[in-house]
Amino acid sequence: MAKPSTLTNEPWLISSFTYTFSARNDNIHKLTSGGRYELRVDLSDWEGGTWYAVYKTFKVENESSKYKLTVGDYSGTAGDSLKYHNTYKFSTKDQDNDNHNMDCAKQAAGGWWYNGCHQSNLNGIYKKGKPDFWNVVSWKGTKGDRYSLKFARMMIRRY
């Protein structure tokens, strides 16, 4: 896998999980509304397996649109597990915007662009191995939606 910095001269912007979801989504919206951005997701498991996903289209709408996600033009080795979430609004335990009769954010223990409910969840609970519930950090195209990944990183850059 190529190092992100070798793909172009533009550096990747690494996500920071120290802000609240709203502040983080506001920042991502402000950034991605000002041009064309792509998303790269790097993933690894506990056994040394690694995968990546690149989406040539990546955008997060504003708060009044409930931070709707737009992704497109996938390439990579991780499987297109974010496509399922394309055009969905961001849900949290107090903002149920998913397409399911239960509150996916409560069930999956983290905010995400839930559909009904997820094929990827990078804000889930961090656990080692394969728990018996899908509330973990996961990407279905790797080891399924119930396998807790060891590492997940989302990076965006302008192109």
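What follows is calculated from the coordinates using simple rules that are stated; it is not laboratory data. As the structure is a computational prediction, the values presented were derived from the model and not from experiment. Neighbour counts run over all protein chains shown; Cβ positions are idealised from the backbone, glycine included.
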_5 Å binning of all Cα-Cα separations within region 72-159, expressed as whole percents from 0 upward_ = 3, 16, 25, 25, 19, 9, 3, 0, 0
_Furthest towards positive pole of dipole, Val54, Tyr37, Tyr126, structure part region 26-137, Cβ charges_ = Tyr37
*Can you spot the aspartates and glutamates whose alpha carbon is less than 12 Å from Lys127's alpha carbon? Ignore those fewer than 8 places along the same chain.*
Asp45
*Could you put Glu61, Glu47, Glu38 in order, starting from the residue whose Cβ has the fewest other Cβ atoms within 10 Å?*
Glu47, Glu61, Glu38
*Using θ = phi - 60° and the Karplus relation 6.51 cos²θ - 1.76 cosθ + 1.60, list the HN-Hα couplings for region 43-54 in order, rounded to whole Hz, with x at every Gly or Pro.*
9, 8, 9, 7, 9, x, x, 10, 9, 8, 9, 10
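Can you check what the net charge comes to around Asp98, using other residues whose Cβ is under 11 Å from the Cβ of Asp98 (Lys, Arg +1; Asp, Glu -1)? Could the numbers behind the result be given before it?
Details: positive: Lys66, Lys89, Lys106; negative: Asp96, Asp103.
So the environment of Asp98 carries a net charge of +1.
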*Cα to Cα, under 20 Å, and not fewer than 8 places away if on the same chain: which lysines meet these conditions relative to Lys89?*
Lys30, Lys56, Lys59, Lys66, Lys68, Lys106, Lys140
